[in-house]
1. Count, please, the residues in region 110-125 that happen to be within 14 Å of residue 52 (Cα to Cα) and modelled with pLDDT of 90 or more.
2. Testing residue 29 on (1) modelled with pLDDT under 70; (2) in contact with a helix residue (DSSP H, G or I) (Cβ under 8 Å, 6 or more places away or on another chain), one condition comes back false. Which one is that?
3. Can you name every residue in region 118-145 that is part of a helix (DSSP H, G or I) and loosely packed, with under 13 Cβ neighbours inside 10 Å?
4. Looking at region 59-72, can you tell me whether even one residue there is assigned by TED's automatic domain parsing to the domain that holds residue 29, surrounded by 15 or more Cβ atoms within 10 Å (Cβ to Cβ) and in a helix (DSSP H, G or I)?
5. Looking for whichever is touching a residue at least 60 places away in the same chain (Cβ under 8 Å) and either assigned by TED's automatic domain parsing to the domain that holds residue 35 or buried (at least 20 other Cβ atoms within 10 Å of the Cβ) (or both) here; the options are 54, 99. Which one fits?
6. Residues 153, 148: which one is more than 30 Å from residue 206 (Cβ to Cβ), buried (at least 16 other Cβ atoms within 10 Å of the Cβ), at pLDDT 85 or above and in the same structural domain as residue 102 (by TED's automatic domain parsing)?
7. Identify the residue in region 167-197 that is surrounded by 19 or more Cβ atoms within 10 Å (Cβ to Cβ) and under 15 Å from the mean Cα position of the chain (by Cα) and, among all such residues, is modelled with the lowest pLDDT.
């Protein structure tokens, strides 16, 4: 880790810019997380960065390792801690940075095998803060030599972490919005297809829906596909070809 100089500040600003660009890109969340750890490690000169996210879908909540640029991909699989475990659990629950001069001497540090394998010594761990200071994860930076992280260094890494939190939340929102929009579009198509069946076969709404549902199961196609086939057949005037179109 190098001293904070005007040049270093410029590189940090470049890192923030790169991460900001990711926010408005079409990258998937996994790609954005990789970009964050790679860019941060490069501009700060640390040996490795790792990013953990809180998984609120579990009860009790867990915090999971999601990205790092220098560990075998197999290491990332199912790497998780309880919220009261490890350095990342402490930082996430207390919402404040933690600095360790030697990770191997810290009882709370749970990744000692990884540290030995990669030759990691000192670390700073900062919370990923979203809106209203809600913690969504933890960002770690490690050095390969003993290093006393200064307040300006911690502040700069915290700025990167907070920008990363914005990128992560925006990406998740974008995905959720896309999924919701797809669901709404599917519902509209199914409703239009129901109307055609009700008119053509004198069905009521429930029977028409069950017909589409059964055809979907029998043909192993989605209900959206079935609905689109019905609409296309109606448009072309080939209503009788609907079953054939779904084979």
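The values are calculated or read from the model by the stated rules, or taken from the named source; none is laboratory data. Nothing here was measured: the structure is a model prediction, and the numbers come from that model. Cβ sites come from the backbone with ideal geometry, for glycine too, and all protein chains shown count toward neighbours.
1. Number of matching residues: 2.
2. Status for residue 29: all satisfied but (1).
3. Answer for region 118-145, where residues must be part of a helix (DSSP H, G or I) and loosely packed, with under 13 Cβ neighbours inside 10 Å: 131, 132, 133.
4. no
5. Criteria check complete, one pass: 54.
6. Sole residue among the options that is more than 30 Å from residue 206 (Cβ to Cβ), buried (at least 16 other Cβ atoms within 10 Å of the Cβ), at pLDDT 85 or above and in the same structural domain as residue 102 (by TED's automatic domain parsing): 153.
7. Applying the filter and picking the extreme gives 171.
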